[in-house]
Structure formats: structure tokens, C-alpha cells
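**Q** Pasting in a structure now, in C-alpha cells, and then I'll have a few things to ask.
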Amino acid sequence: MIKKESSNDLRLRRHTRIRKTISGTNEVPRLNVFRSNKEIYVQVIDDVTGKTLASSSSIALKLKNGGNSEGAKLVGKDIAEKCKKLKITKVVFDRGGYLYHGRVEALANAARENGLEF
């Protein structure tokens with residue numbers, strides 16, 4: 001019997017493929033997105049040192065419903081403001097194997113509108 005791959009297994013394969021080409025540095029860190037059914041999380045990562053420079057999530061912002069596009073917009077705005085404080089203007093966007101659609105797109109657009117370039 002052949003085991004069918006779950007949608008998360010397929011996402012992880014896509015993410016591995018993406019990560020072969022995308023890497024963050026101290027000057028241009030990686031903006032990584034993770035979404036679950038209820039929440040959305042984002043981190044700004046320097047892959048050279050392996051350190052997270054800034055992070056935000058719908059949990060950290062205490063949003064009532066972080067699993068929708070409105071919550072993603074607020075998280076995107078928050079991460080852009082945190083990056084401004086750290087004098088980070090350019091990032092490399094890592095969608096984490098998710099389609100650039102819905103919550104991931106809303107987060108990216110909100111981050112762009114608030115000063116991040118990618």
C-alpha cells in the first residue's frame with residue numbers, strides 16, 4: 001500500500017526547494033512566514049549567524065482571530081515597524097512553501113506598505 005503524502009509534507013518539500021536558493025545575511029535578512037490554522041508567525045532571520053533578529057505573531061499581538069487576512073496584515077505591519085527600529089529596510093521573502101495567496105500575501109503587502117523592501 002502506497003502512503004499518500006499529506007499537504008504539510010508537500011509544503012515542506014516546496015520549502016526545502018525554496019531554501020536552496022534563499023538565504024539571509026546581516027545586511028539583507030530572510031523574512032520567514034509560518035501559518036497554522038489559528039495563527040500566523042513571522043521571523044526576520046540572519047542565516048549566516050543563525051540568529052533571529054526580530055519576530056512577531058498573532059499570539060504576541062494578542063489578536064482575537066489571527067487566522068484571517070486582517071490578523072496577517074497587523075502582523076506584517078508590526079514586523080515592518082520592528083525592522084525599522086533595527087534599521088533593516090531590505091529583506092528576502094521566504095513564504096515557507098505556502099502559496100503566495102491569502103494570509104501570506106496580506107502579510108507581505110502590509111510589510112511592504114510599512115517600509116520593508118523585497
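**Q** Could you check Arg103 against (1) surrounded by 16 or more Cβ atoms within 10 Å (Cβ to Cβ); (2) touching a Gly at 6+ places or on another chain (Cβ under 6 Å) and say which number it fails?
**A** Against the list (1) surrounded by 16 or more Cβ atoms within 10 Å (Cβ to Cβ); (2) touching a Gly at 6+ places or on another chain (Cβ under 6 Å), Arg103 comes up short only on (2).
**Q** So, one more: For segment 89-110, does any single residue satisfy the condition of being touching a helix residue (DSSP H, G or I) at 6+ places or on another chain (Cβ under 6 Å), under 26 Å from Glu27 (Cβ atoms), of a type outside the set (Ser, Thr, Tyr) and part of a helix (DSSP H, G or I)?
**A** Yes, segment 89-110 has at least one match.
Residues are listed down the side, and each one gets a yes or a no for (1) touching a Leu at 6+ places or on another chain (Cβ under 7 Å); (2) surrounded by fewer than 20 Cβ atoms within 10 Å (Cβ to Cβ); (3) in contact (Cβ under 8 Å) with a residue 60 or more places away in the chain; (4) closer than 15 Å to Gly24 by Cβ:
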{"residue": "Asn37", "(1), (2), (3), (4)": "no, yes, no, no"}
{"residue": "Lys51", "(1), (2), (3), (4)": "no, yes, no, yes"}
{"residue": "Ser55", "(1), (2), (3), (4)": "no, yes, no, yes"}
{"residue": "Leu63", "(1), (2), (3), (4)": "yes, yes, no, no"}
{"residue": "Gly71", "(1), (2), (3), (4)": "yes, no, no, no"}
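**Q** May I ask you to verify whether Leu31 is over 12 Å from the mean Cα position of the chain (by Cα) and either of a type outside the set (Phe, Trp, Tyr) or more than 19 Å from Arg112 (Cα to Cα) (or both)?
**A** no
**Q** Looking for something loosely packed, with under 15 Cβ neighbours inside 10 Å, modelled with pLDDT of 95 or more and β-branched (Val, Ile, Thr) - is there at least one such residue anywhere in segment 8-16?
**A** Yes.
**Q** What are the pairs, 6+ residues apart or on separate chains, where a residue within segment 86-112 that is within 26 Å of Arg13 (Cβ to Cβ) has its Cβ under 6 Å from a residue that is of a type in the set (Gly, Ala, Ser) and surrounded by fewer than 18 Cβ atoms within 10 Å (Cβ to Cβ)?
**A** Pairs that qualify, where the first residue is within 26 Å of Arg13 (Cβ to Cβ) and the partner is of a type in the set (Gly, Ala, Ser) and surrounded by fewer than 18 Cβ atoms within 10 Å (Cβ to Cβ), are Arg103/Ser69; Ala106/Ser69.
**Q** Moving on. Determine, yes or no, whether Glu70 is at pLDDT below 95 and closer than 21 Å to Arg112 by Cβ.
**A** no
The values are calculated or read from the model by the stated rules, or taken from the named source; none is laboratory data. The model shown is predicted, which means the values in this text are computed figures rather than measured ones. In this analysis, Cβ positions are derived from the backbone assuming ideal geometry, glycine residues included, and neighbour counts consider all displayed protein chains.
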